[in-house]
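Inspection log for the structure reproduced underneath, given as structure tokens.
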């Protein structure tokens, strides 16, 4: 019981958001004369054979890795109150430079991969750093400048791809950088399926999963267990209080944006190192913007972001079976959209609930800026939104 | 840690509850079927069905093929960032669809691998050459867009009163450059020294240029304001903006891919569409499926649709170019006979 009470506020917002999104999209489906339960059934059907089921999971995880990294990049800045909308441009620019650099050199295996990762991280961090410098020296809002920098980054990426970095033959319908040689390609993790005696799917599980997990843990440790993380969160919650207690606000802005950019540089690498081995005109775009939604849903905490990324990836995968079963694939788009909307609303509700329970008891706020912790205080009345939320959750 | 466990538990409970409600109702399948064993898989380019252009044209071809051969079709559209193209093809092949037709050159990146994994399935790709991809069970359906665009250039040059015309390309890719090259060659052949403006809405890598009418309108408006009186667009959905700009300036425009005089809803816009460069994706798809049914698909080869096979051409709806039809036919014949060789790059 105490566990529930302690976790209640933290869990409330995301669960509420997902439930509200499911209810709204069910209503939309019902209005379209589609049985929502049939649709959810198709979404949860991973196939008949073990091979198909494992493939489905590999597809989901592979999709979730870049979403997770993107969400993480956004969240790092978010925790300090910075809105880095420039993740999109940061990863696109980083990926094309890393692809070209990786194709240009030949190094022994792990070193080659390390070099590519380093190039991507440095490029993206520097690109994000421009935004930070503009903010601390000229007071330019990072929201505006990072959006503008996206356009510049995309333009530069296009120029590099069609100009100096072009590796595909003239007249080929897809323009690409030169292929990264074998030593710079990251092997898949499909060995683990053999290890557990599971069916080995035709799709490779990205080896970058390991790096993503390590990065996620590092960020979590950094945020929660270090002075830097404390300063960062303190600056996010109350800039004036933070600087009164000796935090250098300007240095924090620059450090945070560099860190956010560095993580953003990794977003394109799972695909680049594990699948395409070159940057092409068709390289997946838009991951930086999806990351904002993922970070919101994950409440800016690494573990939450991982779950949010998996949820988005799961929804994304279901597009294919839904279409095979002749259901409108827009259902998934509606669910994704309503989740993001619901998250914003739910976060606000959760914040009020937390504040009310904190006011009622003697609890000290802890955790994120919006999460209260009611573990030591008695909750005077059960929060109404929470109780309805639980009932709806049980029905679904 | 407990947080994590609880969250997982809550999630799985919710999902499990969802699933248990499903029993017995989850296998509703509504593929459009009209008998026959033919199972055609169709994977669309971004935009999917209802784009009134490329994708719809491919579907029309499949529909016609089903009409004559029976069978059924399953159509899939990629997700918003089109990162799941390989999954679409894999799923179709996995479910026993054969042939599987990929609409758009963007599939060129992934279709080679999928074709390798499913050697018993026949694949076709529109706008991409097998030579680039290399697979025995893959057919490339190519179009000589430059030939059709040459005729569009001829028509524009003959019809302009200001000796000044324009071209709006959606995205600066090699494919769209073929349209541009043919258009320029045709216009200069019919009227040497003609002034031609040319612009692309977005650079390579940013595909929004195919679906941004506002950008198309601004680009075309600039050309009309600068003195051009006919603008040819190869910009997919952005072409609507080109038509709007033409209507606003009382000038004319040339459509692309399908006969846009017939597909555009608004009569005001219809009046400005002088002609359209037709790219008969429907014919190519129908012919490919016909070959497949007759067991005539060689695989590993390209099928090029040009003026001689009527794979490309110029629409006459509206009757705006009836008076110059003889001259256009003359150029058409010269291209077919090989007297004129149309370049594919400027």
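So that you can scan it fast, the table gives a plain yes or no per residue for (1) on the phi > 0 side of the Ramachandran plot; (2) assigned to a helix (DSSP H, G or I); (3) surrounded by fewer than 24 Cβ atoms within 10 Å (Cβ to Cβ); (4) more than 14 Å from every other protein chain (Cβ to nearest Cβ):
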site: A:11; (1), (2), (3), (4): no, yes, yes, no
site: A:53; (1), (2), (3), (4): no, yes, yes, no
site: A:59; (1), (2), (3), (4): no, yes, no, no
site: A:66; (1), (2), (3), (4): no, yes, no, no
site: A:91; (1), (2), (3), (4): no, yes, no, no
site: A:103; (1), (2), (3), (4): no, yes, yes, yes
site: A:111; (1), (2), (3), (4): no, yes, yes, yes
site: A:121; (1), (2), (3), (4): no, yes, yes, yes
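Of the residues in the stretch B:171-183, how many are in contact with a strand residue (DSSP E or B) (Cβ under 6 Å, 6 or more places away or on another chain) and away from every other protein chain (no Cβ under 11 Å)?
As a first pass, look at the stretch B:171-183 and keep what is in contact with a strand residue (DSSP E or B) (Cβ under 6 Å, 6 or more places away or on another chain): B:171-172, B:176, B:179-180, B:183.
Restricting the remaining residues to those that are away from every other protein chain (no Cβ under 11 Å) gives B:179-180, B:183.
Total satisfying the criteria: 3.
Please work out if residue B:250 is within 30 Å of residue B:39 (Cβ to Cβ) and at pLDDT 90 or above. Write out each step before concluding.
Details: within 30 Å of residue B:39 (Cβ to Cβ): no; at pLDDT 90 or above: yes.
Against the criterion (within 30 Å of residue B:39 (Cβ to Cβ) and at pLDDT 90 or above), residue B:250 does not qualify.
What do you reckon, is residue A:115 assigned by TED's automatic domain parsing to the domain that holds residue A:67, at pLDDT below 95 and surrounded by fewer than 23 Cβ atoms within 10 Å (Cβ to Cβ)? Before the answer, list the steps.
Working: assigned by TED's automatic domain parsing to the domain that holds residue A:67: yes; at pLDDT below 95: no; surrounded by fewer than 23 Cβ atoms within 10 Å (Cβ to Cβ): yes.
Judged against the criteria, residue A:115 is not a match.
Restrict the check to the stretch B:250-263 and report whether at least one residue is more than 17 Å from residue B:233 (Cβ to Cβ) and within 24 Å of the chain's Cα centre (by Cα).
The initial filter retains those residues of the stretch B:250-263 that are more than 17 Å from residue B:233 (Cβ to Cβ), namely B:250.
Now drop any that are not within 24 Å of the chain's Cα centre (by Cα), which leaves none.
No, because not a single residue in the stretch B:250-263 is more than 17 Å from residue B:233 (Cβ to Cβ) and within 24 Å of the chain's Cα centre (by Cα).
Conditions tested, residue by residue: (1) modelled with pLDDT of 95 or more; (2) in contact with a helix residue (DSSP H, G or I) (Cβ under 6 Å, 6 or more places away or on another chain); (3) over 18 Å from residue B:321 (Cα atoms); (4) surrounded by 24 or more Cβ atoms within 10 Å (Cβ to Cβ).
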| residue | (1), (2), (3), (4) |
| --- | --- |
| B:159 | no, no, no, no |
| B:164 | yes, no, no, no |
| B:167 | yes, yes, yes, yes |
| B:170 | no, yes, yes, yes |
| B:174 | no, no, yes, no |
| B:177 | no, no, yes, no |
| B:182 | yes, yes, yes, yes |
| B:185 | yes, yes, yes, no |
| B:191 | no, yes, no, no |
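Looking at (1) under 24 Å from residue A:303 (Cβ atoms); (2) not assigned by TED's automatic domain parsing to the domain that holds residue A:253, which is the only condition residue A:66 fails?
Looking at each condition in turn, residue A:66 falls short on (2).
Mind listing whichever residues of the stretch A:185-224 are within 14 Å of chain B (Cβ to nearest Cβ), part of a helix (DSSP H, G or I) and surrounded by 16 or more Cβ atoms within 10 Å (Cβ to Cβ)?
Within the stretch A:185-224, A:216, A:220 meet the criteria.
Just for the stretch A:164-184: of the residues that are more than 14 Å from chain B (Cβ to nearest Cβ) and in a loop (DSSP other than H, G, I, E, B), which one is surrounded by the fewest Cβ atoms within 10 Å (Cβ to Cβ)?
Top of the filtered list is A:181.
With respect to the numbered conditions (1) closer than 28 Å to residue B:307 by Cα; (2) within 14 Å of chain A (Cβ to nearest Cβ), which one is the sole condition not fulfilled by residue B:202?
The failed condition is (1).
Can you find, within the stretch A:40-51, the residue that is farthest from the other protein chains (Cβ to nearest Cβ) among those that are under 16 Å from residue A:311 (Cα atoms) and assigned to a helix (DSSP H, G or I)?
Narrowing the stretch A:40-51 to residues under 16 Å from residue A:311 (Cα atoms): A:40-46.
Checking the rest, the ones that are also assigned to a helix (DSSP H, G or I) come to A:40-44.
Details: A:40: 5, A:41: 3, A:42: 6, A:43: 9, A:44: 5 Å.
Among those residues, the one meeting the criterion is A:43.
Got a sec? Which helices (runs of 4 or more DSSP H) wholly within the stretch B:38-145 have at least 1 residues that are over 22 Å from residue B:175 (Cα atoms) and either without any contact (Cβ under 8 Å) to a residue 12 or more places away in the chain or within 14 Å of another protein chain (Cβ to nearest Cβ) (or both)?
Numbers: elements: B:54-69, B:85-94, B:108-117, B:130-133.
It comes to B:54-69, B:85-94, B:108-117.
This table checks each residue for (1) more than 18 Å from the chain's Cα centre (by Cα); (2) closer than 19 Å to residue A:316 by Cβ; (3) buried (at least 23 other Cβ atoms within 10 Å of the Cβ).
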| site | (1), (2), (3) |
| --- | --- |
| B:56 | no, no, no |
| B:73 | yes, no, no |
| B:76 | no, yes, yes |
| B:96 | yes, no, no |
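I'd like to verify a number: residues in the stretch A:313-326 that are within 16 Å of residue A:40 (Cβ to Cβ), outside any loop (DSSP other than H, G, I, E, B) and more than 7 Å from chain B (Cβ to nearest Cβ), how many? Talk me through it step by step, then tell me what you get.
Taking the stretch A:313-326 as the starting set, the residues that turn out to be within 16 Å of residue A:40 (Cβ to Cβ) are A:314-326.
Those still in the list that are outside any loop (DSSP other than H, G, I, E, B) too: A:314-317, A:319-324.
Subset that is more than 7 Å from chain B (Cβ to nearest Cβ): A:314-315, A:317, A:321-322.
So the count comes out to 5.
Considering each of A:307, A:272 in turn, give the residue that is within 10 Å of chain B (Cβ to nearest Cβ), more than 20 Å from residue A:143 (Cα to Cα) and in a helix (DSSP H, G or I).
Working: A:272 fails: within 10 Å of chain B (Cβ to nearest Cβ).
Just a single option satisfies the conditions, and that option is A:307.
Across the stretch A:275-286, what is the total count of residues that are surrounded by 24 or more Cβ atoms within 10 Å (Cβ to Cβ) and assigned to a helix (DSSP H, G or I)?
Number satisfying all stated conditions: 0.
To keep it simple, each residue is scored yes or no on (1) assigned to a helix (DSSP H, G or I); (2) within 14 Å of another protein chain (Cβ to nearest Cβ); (3) surrounded by fewer than 22 Cβ atoms within 10 Å (Cβ to Cβ); (4) out of contact with any strand residue (DSSP E or B) (no Cβ under 7 Å at 6 or more places or on another chain).
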residue: A:290; (1), (2), (3), (4): yes, yes, no, yes
residue: A:294; (1), (2), (3), (4): yes, yes, no, yes
residue: A:311; (1), (2), (3), (4): yes, yes, no, yes
residue: A:328; (1), (2), (3), (4): no, yes, yes, yes
residue: A:331; (1), (2), (3), (4): yes, yes, no, yes
residue: A:346; (1), (2), (3), (4): yes, no, no, yes
residue: A:352; (1), (2), (3), (4): yes, no, yes, yes
residue: A:356; (1), (2), (3), (4): yes, no, yes, yes
residue: A:359; (1), (2), (3), (4): yes, no, yes, yes
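Which one of these does residue A:336 not meet: (1) within 10 Å of chain B (Cβ to nearest Cβ); (2) modelled with pLDDT under 80; (3) more than 17 Å from residue A:289 (Cα to Cα)?
The one condition residue A:336 does not meet is (3).
If the requirement is being under 30 Å from residue B:137 (Cβ atoms) and surrounded by 22 or more Cβ atoms within 10 Å (Cβ to Cβ), which of these qualifies: B:286, B:310, B:301? First the steps, then the outcome.
Details: B:310 fails: surrounded by 22 or more Cβ atoms within 10 Å (Cβ to Cβ); B:301 fails: surrounded by 22 or more Cβ atoms within 10 Å (Cβ to Cβ).
Being under 30 Å from residue B:137 (Cβ atoms) and surrounded by 22 or more Cβ atoms within 10 Å (Cβ to Cβ) holds for just one of B:286, B:310, B:301, which is B:286.
Among the residues of the stretch B:295-310, write down those that are at pLDDT below 90 and part of a loop (DSSP other than H, G, I, E, B).
Answer for the stretch B:295-310, where residues must be at pLDDT below 90 and part of a loop (DSSP other than H, G, I, E, B): B:295, B:296, B:297, B:298, B:299, B:300, B:310.
Tell me, yes or no, whether the stretch A:237-253 has at least one residue that is in contact (Cβ under 8 Å) with a residue 60 or more places away in the chain, away from chain B (no Cβ under 14 Å), within 26 Å of residue A:139 (Cβ to Cβ) and crowded, with 20+ Cβ neighbours inside 10 Å.
yes
If you check residue A:146 against the conditions, is it part of a loop (DSSP other than H, G, I, E, B) and either at pLDDT 90 or above or in the same structural domain as residue A:125 (by TED's automatic domain parsing) (or both)?
no
I need the helices (runs of 4 or more DSSP H) fully contained in the stretch B:215-277, keeping only those with at least 3 residues that are in contact (Cβ under 8 Å) with a residue 40 or more places away in the chain. Full working, then the answer.
Values: elements: B:239-249, B:260-263, B:267-270.
Fully inside the stretch B:215-277 and qualifying: B:260-263.
Considering the stretch A:142-163 alone, what residues qualify as being more than 14 Å from chain B (Cβ to nearest Cβ), surrounded by fewer than 16 Cβ atoms within 10 Å (Cβ to Cβ) and touching a residue at least 12 places away in the same chain (Cβ under 8 Å)?
Correct list: A:143 only.
The values are calculated or read from the model by the stated rules, or taken from the named source; none is laboratory data. Being a predicted model, the structure only gives us computed values, none of them experimental. Because the Cβ atoms are built from the backbone with ideal geometry, glycine has one as well, and the counts that use them run over all protein chains shown.
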